[in-house]
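J.: Starting off with a structure, shown below.
The values are calculated or read from the model by the stated rules, or taken from the named source; none is laboratory data. This one's a predicted model, so the numbers in the text were calculated from it and none came from an experiment. A quick note on method: Cβ atoms are made from the backbone with ideal geometry, for glycine too, and the neighbour counts reach across all protein chains shown.
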Amino acid sequence: MTLQQWCFSFKGRIGRRDFWLWMAIWVALMAVLFTLSGQSWLDTQSTAFGLVVLLWPTAAIMVKRLHDRNKSGWWALLLVVAWMLASGNWTMFSTIWQWGIGRFLPILIVVMTLLDCGVFLGTKGENRFGAEAEPFRFRR
């Protein structure tokens, strides 16, 4: 798998190592992005652009990892639901419901997704999404 396929294609499968490799890269890039933004070296539009640029490869990596688990990539949309729940205004509900809907449920969705993609083994052999995942190798 080439770097372009790894970052931008939604086809195929990747293993846990490649998933965690991207997560480490993503965390480092987010730390740099928000540090620069917090120091006023980047304006809001540039920060938003950086977030949008990171969205495609993150989605591609997540979908390929779900494919390795023999699941549809559409399950990745649960993270969008978690973000929407965390961003919502739940003040119309009592305090316990505000906490449950706005905090607990999004955290539960993110933790379950990380467990599913980052801890559990993929399908052995070929599945409906292709051959067993090969580790990504940086080519010279």
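J.: Filter the range 42-53 down to residues that are out of contact with any Leu (no Cβ under 6 Å at 6 or more places or on another chain) and closer than 20 Å to Phe8 by Cα and give me whichever is surrounded by the most Cβ atoms within 10 Å (Cβ to Cβ).
T.: Step by step, filter the range 42-53, then rank; the result is Leu51.
J.: Please go through the range 34-61 and give me each residue that is in contact with a Ser or Thr (Cβ under 7 Å, 6 or more places away or on another chain) and closer than 22 Å to Pro135 by Cβ, ordered by number.
T.: Matches in the range 34-61: Ala60 only.
J.: Pick from Ala31, Ala76: which is in a helix (DSSP H, G or I), at pLDDT 90 or above, closer than 27 Å to Glu132 by Cα and small (Gly, Ala, Ser)?
T.: Being in a helix (DSSP H, G or I), at pLDDT 90 or above, closer than 27 Å to Glu132 by Cα and small (Gly, Ala, Ser) holds for just one of Ala31, Ala76, which is Ala76.
J.: Could you grab me the full set of residues in the range 93-106 that are of a type outside the set (Phe, Trp, Tyr) and not in a helix (DSSP H, G or I)?
T.: Of everything in the range 93-106, just one residue is of a type outside the set (Phe, Trp, Tyr) and not in a helix (DSSP H, G or I), namely Ser94.
J.: Still on this model: List pairs: first in the range 41-67 and farther than 10 Å from Cys7 by Cβ and at pLDDT 90 or above, second assigned to a helix (DSSP H, G or I) and not hydrophobic (A, V, I, L, M, F, W, C), Cβ under 7 Å, 6+ apart or cross-chain?
T.: Here the result reads Val63/Gly73; Leu66/Gly73; His67/Gly73, each pair linking the range 41-67 to a residue that is assigned to a helix (DSSP H, G or I) and not hydrophobic (A, V, I, L, M, F, W, C).
J.: I want to confirm something. Restricting to the range 54-64 and keeping residues that are of a type outside the set (Gly, Ala, Ser) and touching a Phe, Trp or Tyr at 6+ places or on another chain (Cβ under 9 Å), which single residue is surrounded by the most Cβ atoms within 10 Å (Cβ to Cβ)? Reasoning before the result, please.
T.: To start, the set of residues in the range 54-64 that are of a type outside the set (Gly, Ala, Ser) comprises 54-58, 61-64.
Right, trim to touching a Phe, Trp or Tyr at 6+ places or on another chain (Cβ under 9 Å) and you get 54, 56-58, 61-64.
Details: Leu54: 15, Trp56: 12, Pro57: 17, Thr58: 19, Ile61: 24, Met62: 22, Val63: 23, Lys64: 27.
Checked the range 54-64; the qualifying residue surrounded by the most Cβ atoms within 10 Å (Cβ to Cβ) is Lys64.
Yes or no, residue by residue, for (1) in a helix (DSSP H, G or I); (2) within 28 Å of Arg13 (Cα to Cα); (3) touching a Pro at 6+ places or on another chain (Cβ under 6 Å); (4) aliphatic (A, V, I, L, M):
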site: Ser40; (1), (2), (3), (4): no, no, no, no
site: Trp56; (1), (2), (3), (4): yes, yes, no, no
site: Arg65; (1), (2), (3), (4): yes, yes, no, no
site: Asn70; (1), (2), (3), (4): no, yes, no, no
site: Thr91; (1), (2), (3), (4): no, no, no, no
site: Leu108; (1), (2), (3), (4): yes, yes, no, yes
site: Lys124; (1), (2), (3), (4): no, yes, no, no
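J.: Can you pull out the residues in the range 79-89 that are exposed (fewer than 12 other Cβ atoms within 10 Å of the Cβ) and either part of a loop (DSSP other than H, G, I, E, B) or modelled with pLDDT under 90 (or both)?
T.: Step one: list which residues in the range 79-89 are exposed (fewer than 12 other Cβ atoms within 10 Å of the Cβ), which gives 80, 84, 87, 89.
Ser87, Asn89 - these are the residues of the range 79-89 that are exposed (fewer than 12 other Cβ atoms within 10 Å of the Cβ) and either part of a loop (DSSP other than H, G, I, E, B) or modelled with pLDDT under 90 (or both).
J.: Are there any pairs with C-beta distances below 7 angstrom linking a residue in the range 10-36 that is farther than 15 Å from His67 by Cα to a residue that is exposed (fewer than 15 other Cβ atoms within 10 Å of the Cβ) and among the small types (Gly, Ala, Ser), with the two at least 6 apart or on different chains, and if so which?
T.: Within 7 Å, the pairs are Trp20/Gly118.
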